[in-house]
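Q: Here it is, the structure in full.
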Amino acid sequence: MSELTAGRAAGGEPLSGDAGRTAGESAGAADPADPAAGLVLRPATEADLDAIWAIESSVFRGEAWSLSMMREELTAAHRCYFALVDEAGAVHGYGGLLAVGAEGDIQTIAVEPHARGAGHGRRIMNALLDEAASRGVREVFLEVRADNPTARGLYLSLGFAEIGVRPRYYQPEGIDAIVMRLDMKERV
Ligand SMILES: CC(C)(COP(=O)(O)OP(=O)(O)OC[C@H]1O[C@@H](n2cnc3c(N)ncnc32)[C@H](O)[C@@H]1OP(=O)(O)O)[C@@H](O)C(=O)NCCC(=O)NCCS
């Protein structure tokens, strides 16, 4: 691992400054029968703070970042966050990257439960990795709970490799943190 902030597992003590931004992508035509359809990615800003933090606090509960930490994440230097939004502008997911020099960290990613399993998590990750590539990042790190097979499966399928374990890192449950690394040349 580097001196970089190591994502949500490390408590995410943010740097300060201005966040970099990038263009989003389209999800294609909406299917009114599918609540997860019609969602698009766009760069997140501080204006999304309340909506993102509402998801953050409900998904991560006791491990959720505070509102002020999330504000820092959305505004600090070397960060890029994307929001997954519907046609009305409501936020249903988000993800963030920290990129400094040749190293990057996936800071966090979450999709609301109703929208999971439809490819949005993969799209958020690919947007973050595209952004990392555009910033000259050559390797990306993240940490994930050992008892999170969905996220581990997603990361492995993108080319991340498991490079280490932080035993009993997540307290009070005592769940291990798996440290993963993606060599951008190995990206799937
Ligand atoms: C992790 C998370 C963002 C994935 O979002 P998602 O929109 O459901 O993900 P996708 O539909 O794009 O699926 C991506 C991949 O995840 C993996 N996956 C999905 N569901 C899975 C399951 N039940 N078991 C194992 N792997 C699974 C698969 O590799 C899948 O790719 P595939 O469908 O092409 O095979 C979402 O589950 C989430 O928000 N979880 C709670 C927050 C969290 O755990 N964040 C990660 C912290 S490190």
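The values are calculated or read from the model by the stated rules, or taken from the named source; none is laboratory data. All values derive from a computational prediction rather than experimental measurement. Every residue, glycine among them, receives a Cβ derived from its backbone with ideal geometry; neighbour counts consider all protein chains shown.
Q: Only residues in region 58-80 that are under 25 Å from E131 (Cα atoms) count as the first member; pair them with residues that are modelled with pLDDT under 95 and assigned to a helix (DSSP H, G or I), Cβ under 7 angstrom, at least 6 apart or cross-chain, and list the lot.
A: From region 58-80, the pairs are W65/R8.
Q: Let me ask something additional. Can you name the condition, by its number, that A77 falls short on among (1) under 15 Å from the mean Cα position of the chain (by Cα); (2) modelled with pLDDT of 95 or more?
A: Looking at each condition in turn, A77 falls short on (1).
Q: Right, next: Under 7 Å by Cβ, and 6 or more places apart or on different chains, what pairs join a residue from region 162-175 that is surrounded by 13 or more Cβ atoms within 10 Å (Cβ to Cβ) with one that is basic (K, R)?
A: As it stands, the answer is Y170/R145; I175/R145, since those pairs meet every condition given.
Q: Filter region 87-112 down to residues that are in contact with a helix residue (DSSP H, G or I) (Cβ under 9 Å, 6 or more places away or on another chain) and β-branched (V, I, T) and give me whichever is farthest from the ligand (Cβ to nearest atom).
A: It comes out as V91.
Q: Just to be sure, is I124 aliphatic (A, V, I, L, M), crowded, with 23+ Cβ neighbours inside 10 Å and in a strand (DSSP E or B)? Show your work before the answer.
A: Details: aliphatic (A, V, I, L, M): yes; crowded, with 23+ Cβ neighbours inside 10 Å: yes; in a strand (DSSP E or B): no.
Answer is no for this residue.
Q: Hey, any hits in region 14-21 for a residue that's modelled with pLDDT of 50 or more and surrounded by 13 or more Cβ atoms within 10 Å (Cβ to Cβ)? Walk me through how you get there before you give the answer.
A: Going through region 14-21, the residues modelled with pLDDT of 50 or more turn out to be none.
No, region 14-21 contains no residue that is modelled with pLDDT of 50 or more and surrounded by 13 or more Cβ atoms within 10 Å (Cβ to Cβ).
Q: Closer than 30 Å to A90 by Cβ, part of a loop (DSSP other than H, G, I, E, B) and within 7 Å of the ligand (Cβ to nearest atom), is that true of A118? Please lay out each step first, then the result.
A: Working: closer than 30 Å to A90 by Cβ: yes; part of a loop (DSSP other than H, G, I, E, B): yes; within 7 Å of the ligand (Cβ to nearest atom): yes.
Criteria met by A118.
Q: Among the residues of region 80-115, write down those that are part of a helix (DSSP H, G or I) and either surrounded by fewer than 19 Cβ atoms within 10 Å (Cβ to Cβ) or at pLDDT below 95 (or both). Steps first, please.
A: Of the residues in region 80-115, the ones part of a helix (DSSP H, G or I) are 113-115.
Those that are part of a helix (DSSP H, G or I) and either surrounded by fewer than 19 Cβ atoms within 10 Å (Cβ to Cβ) or at pLDDT below 95 (or both): P113, H114.
Q: Turning to a different aspect of this structure: Report, by residue number, each residue of region 121-155 that is hydroxyl-bearing (S, T, Y) and either within 7 Å of the ligand (Cβ to nearest atom) or in contact with a Ser or Thr (Cβ under 9 Å, 6 or more places away or on another chain) (or both). Talk me through it step by step, then tell me what you get.
A: Taking region 121-155 and keeping what is hydroxyl-bearing (S, T, Y), we get 134, 150, 155.
Hits for region 121-155 are S134, T150.
Q: So Y169 fits all but one of (1) closer than 19 Å to L97 by Cα; (2) of a type in the set (F, W, Y); (3) more than 9 Å from the ligand (Cβ to nearest atom); what number is the exception?
A: (1)
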